[in-house]
Amino acid sequence: MGLARLKLEISEDMLRDTTLSFIGSGAMAEAMIKGILGHHLLDPERITASEPRPERRQELRGRYAVQTTADNIAAAQAGRIVVLSVKPQTLPKVMAELKGRLADDTLVLSIVAGMRINVIRRGLGAEAIVRSMPNTPAQVGLGMTVWTATSAVNETQRRQAQAILAALGKEIYVEDEGYLDMATALSGTGPAYVFLFMEALIDAGVHMGFSRHVAQELVYQTIEGSVAIARASGLHPTELRNQVTSPGGTSAEALYQLEKGSLRTVISKAIWAAYQRSKALGELPEK
Ligand SMILES: NC(=O)c1ccc[n+]([C@@H]2O[C@H](COP(=O)([O-])OP(=O)(O)OC[C@H]3O[C@@H](n4cnc5c(N)ncnc54)[C@H](OP(=O)(O)O)[C@@H]3O)[C@@H](O)[C@H]2O)c1
């Protein structure tokens, strides 16, 4: 399996001549629209958002001045890049609707969790497909997206897909689709682990006597600061941890309890279980 980093300078010209359509215009589609417009990658009139609910269409038009429609086929035909952004359970119905309706040079960009390239290829009869796995922080532009592309995706389309995904935060290209199950377990599901850890820390603060909002602020800032120092120093987390662990001090005492409680093993087992689950879900027979 190959892991590769494509170099990308997001240039304002990268998408300018293309058109982009979203099939399903919920939270993630909105995050992408916001990021793309925020980076001035595309004019809003070149974006079409397909969405069944009239109030939602009106909301998107009002906020971003994009084109909206309730007609998935019209949307798919309006975009040279078509983003599949419906829920996984809606995708089979949508693909049946769109099969054979896409122009040959359409790039299909899926953000649908767990949906294999082969399923999309068969479902749509399309060849140029990018499959990506973003995560929830994409909604505030701090996402981590891992993506791969079929060999039918040409260099220009690849760069366009990369620019769209970069508008959600960081992105990493992988050569093998197998990495997407790993990414699902690590970064895709990752926010759930971090939220649980945050919750446990906040509850511990409250247990000692802090008010909940003070405990929350202490925890948020501590986590943000720790990530910032890890990035800025370039040091391995072990080194950073050793730096704050004085002999016989509070960190040493707390770390002893965390190791005694097998925190590291539990994390490793949890992520492995999520990885196995992701693979198993991807292998379920198609409906
Ligand atoms: N949220 C995340 O952080 C995240 C992370 C990684 C991957 N993803 C993937 O991103 C995809 C979208 O997630 P989301 O959080 O944006 O979900 P969402 O907010 O529920 O968006 C889905 C949208 O699709 C619309 N829709 C329903 N049926 C449709 C149809 N037949 N044709 C066209 N549109 C239809 C829904 O409209 P109604 O509201 O009217 O039903 C809704 O606006 C999912 O496949 C998910 O696996 C999400």
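The values are calculated or read from the model by the stated rules, or taken from the named source; none is laboratory data. Not measured: the values here are computed from a predicted model. Glycine gets a Cβ as well: all are built from the backbone with ideal geometry, and neighbour counts include every protein chain shown.
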Apart from one, (1) of a type outside the set (A, V, I, L, M, F, W, C); (2) modelled with pLDDT under 95; (3) part of a loop (DSSP other than H, G, I, E, B) all hold for Pro52; the odd one out is (2)
Exactly one of these conditions fails for Pro237: (1) at negative phi; (2) free of Cβ contacts under 8 Å to residues at least 12 places away in the same chain; (3) surrounded by 10 or more Cβ atoms within 10 Å (Cβ to Cβ). Give me its number. (3)
Looking at Pro137, Pro88, which is the one that is within 10 Å of the ligand (Cβ to nearest atom) and either assigned to a helix (DSSP H, G or I) or of a type in the set (D, E, K, R) (or both)? Pro137
If Ala192 passes every condition in (1) among the hydrophobic types (A, V, I, L, M, F, W, C); (2) touching a residue at least 24 places away in the same chain (Cβ under 8 Å); (3) closer than 22 Å to Tyr275 by Cβ; (4) part of a helix (DSSP H, G or I) but one, which one does it miss? (2)
Looking at region 137-171 only, could you name the residues that are surrounded by fewer than 17 Cβ atoms within 10 Å (Cβ to Cβ) and of a type outside the set (D, E, K, R)? Val140, Gly141, Leu142, Ser151, Ala152, Asn154, Thr156
From the residues in region 107-124 that are away from the ligand (no atom under 13 Å from the Cβ) and assigned to a strand (DSSP E or B), which one is farthest from Phe22 (Cα to Cα)? Leu107
The residue that is farthest from Leu165 (Cα to Cα), considering only those in region 103-115 that are surrounded by fewer than 20 Cβ atoms within 10 Å (Cβ to Cβ) and of a type outside the set (Gly, Ala, Ser), is Asp104
Output the number of residues of region 156-184 satisfying the condition of being in contact with a Lys or Arg (Cβ under 8 Å, 6 or more places away or on another chain) and over 25 Å from Lys34 (Cβ atoms). 2
Are any residues in region 139-156 at pLDDT 95 or above and under 18 Å from Ser85 (Cα atoms), and if so, which ones? Gly143, Met144, Thr145, Val146, Trp147, Thr148, Ala149
Among the residues of region 140-155, which ones are among the β-branched types (Val, Ile, Thr) and either outside any strand (DSSP E or B) or out of contact with any helix residue (DSSP H, G or I) (no Cβ under 6 Å at 6 or more places or on another chain) (or both)? Val140, Thr148, Thr150, Val153
Which residue pairs have Cβ atoms closer than 6 Å, lie 6 or more positions apart in sequence or on different chains, and pair a first residue in region 29-47 that is farther than 23 Å from Ala113 by Cβ and free of Cβ contacts under 8 Å to residues at least 60 places away in the same chain with a second residue that is away from the ligand (no atom under 16 Å from the Cβ) and of a type in the set (Asp, Glu)? His40/Glu12
Output for Cβ contacts, cut-off 8 Å, separation at least six or different chains, first residue more than 18 Å from Thr189 (Cα to Cα) in region 250-275, second among the hydroxyl-bearing types (Ser, Thr, Tyr) and surrounded by 12 or more Cβ atoms within 10 Å (Cβ to Cβ), reads Ser251/Thr245; Ala252/Thr245; Leu255/Thr245
Go through (1) part of a helix (DSSP H, G or I); (2) more than 9 Å from the ligand (Cβ to nearest atom); (3) out of contact with any helix residue (DSSP H, G or I) (no Cβ under 9 Å at 6 or more places or on another chain) and name the single condition Lys93 misses. (2)
Sort out which residues of region 35-59 are touching a Gly at 6+ places or on another chain (Cβ under 9 Å) and away from the ligand (no atom under 14 Å from the Cβ), and write them in order of number. Gly38, Leu41, Arg46, Ile47
Scope region 60-85; condition part of a helix (DSSP H, G or I), buried (at least 22 other Cβ atoms within 10 Å of the Cβ) and more than 10 Å from the ligand (Cβ to nearest atom); matching residues: Ala76
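Every residue, every condition in (1) in contact with a His (Cβ under 9 Å, 6 or more places away or on another chain); (2) within 30 Å of Pro92 (Cβ to Cβ); (3) basic (Lys, Arg), yes or no:
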| position | (1), (2), (3) |
| --- | --- |
| Val174 | no, yes, no |
| Asp181 | no, yes, no |
| Leu186 | no, yes, no |
| Ala200 | no, no, no |
| Arg241 | no, no, yes |
| Ala254 | no, no, no |
| Leu258 | no, no, no |
| Arg264 | no, no, yes |
| Lys269 | no, no, yes |
